Amino acid sequence: MANTPGAKKAVRKIARRTEVNTARRSRVRTFLRKFEEAVTAGDATVAKDAFVKAQSELMRAVSKGVVHKNTGSRKVSRLAARLKKLAVA
């Protein structure tokens, strides 16, 4: 258990940061789900709009340190590939 003042403060900071990061990660997942739903529905225009928002949110999570840079890029790349596949079909 934390018993120095610095350690106690660190525990408080970690708890706050965890809460914020959980909310950010949840927000990213929401936008990814909206993109998935648009692709499943087969609506290219809605999917494109959802893709732009999901990409923006993913990159924001990367800049905040919630998601690693390569992970964010990989996810965006896969989303773009799915959007392109939908547009061709």
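The values are calculated or read from the model by the stated rules, or taken from the named source; none is laboratory data. Computed from a prediction, not measured in an experiment: that's the story for all the values here. A quick note on method: Cβ atoms are made from the backbone with ideal geometry, for glycine too, and the neighbour counts reach across all protein chains shown.
Some notes on this structure:
- Among residues of the range 16-41 being of a type in the set (Gly, Ala, Ser) and over 26 Å from ALA87 (Cα atoms), the one that is surrounded by the fewest Cβ atoms within 10 Å (Cβ to Cβ) is SER26.
- Selection status of ASP43, of a type in the set (Asp, Glu) and either modelled with pLDDT under 95 or more than 17 Å from the chain's Cα centre (by Cα) (or both): yes
- Residues of the range 54-78 classified as under 24 Å from ILE14 (Cβ atoms), in a helix (DSSP H, G or I) and of a type in the set (Gly, Ala, Ser), total: 3
- Lone qualifier among ALA61, ALA44, ALA81 - being of a type in the set (A, V, I, L, M), surrounded by fewer than 11 Cβ atoms within 10 Å (Cβ to Cβ) and on the phi < 0 side of the Ramachandran plot: ALA81
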